[in-house]
Amino acid sequence: MDKLIYQFEFGLFFWQILIFVGLILLLKKFAWKPILDAVNDREQGIKDALLSAENARQEMQNLQADNQRILNEARAERDAMLKEAREMKEKMIADSKNEAQEQGLKMIEQAKAAIESEKNAAMAELKSQVSTLSLSIAEKLLKEELSNKEAQTKLVEKMLGDVKLN
């Protein structure tokens, strides 16, 4: 190293600087520009990839939000359908109960009407039998009393007295 410092030659130094500057100019013209363009292209590619990744992430978030919204809507629709089905079931049960009660009341009314008509028929038959029996008793009594003249007169007077009282 000492040799280089003590044996310095200006001509050699000049040519080395000239070659170095020439080399730099050649590199600048032919190498630096393509290298810088490649680096810039790579940087732009990385930026585009990051932007695409960010867009994809944002789109995924939007899709997840849409999926969650759709899921919530489906749950709400399911709950509404279940509520409607429960209401329909309860309505059908209530309608069936009401219909059964109405039919039961109708049957009771029909039974009451049948009992009343049978009672009236029985009363009419009883009245008919009582009147027939009364007539036969009266007929027998009248035959006995009408055979006697005095008894007939008393009976007529008694009947006339009863008519006036009424």
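Based on this model, can you work out whether Glu73 counts as at negative phi, part of a helix (DSSP H, G or I) and modelled with pLDDT of 75 or more? Judged against the criteria, Glu73 is a match. Evaluate the following for Ile17: is it β-branched (Val, Ile, Thr) and under 60 Å from the mean Cα position of the chain (by Cα)? Judged against the criteria, Ile17 is not a match.
The values are calculated or read from the model by the stated rules, or taken from the named source; none is laboratory data. Note that this is a predicted model, so its numbers are computed, not measured.
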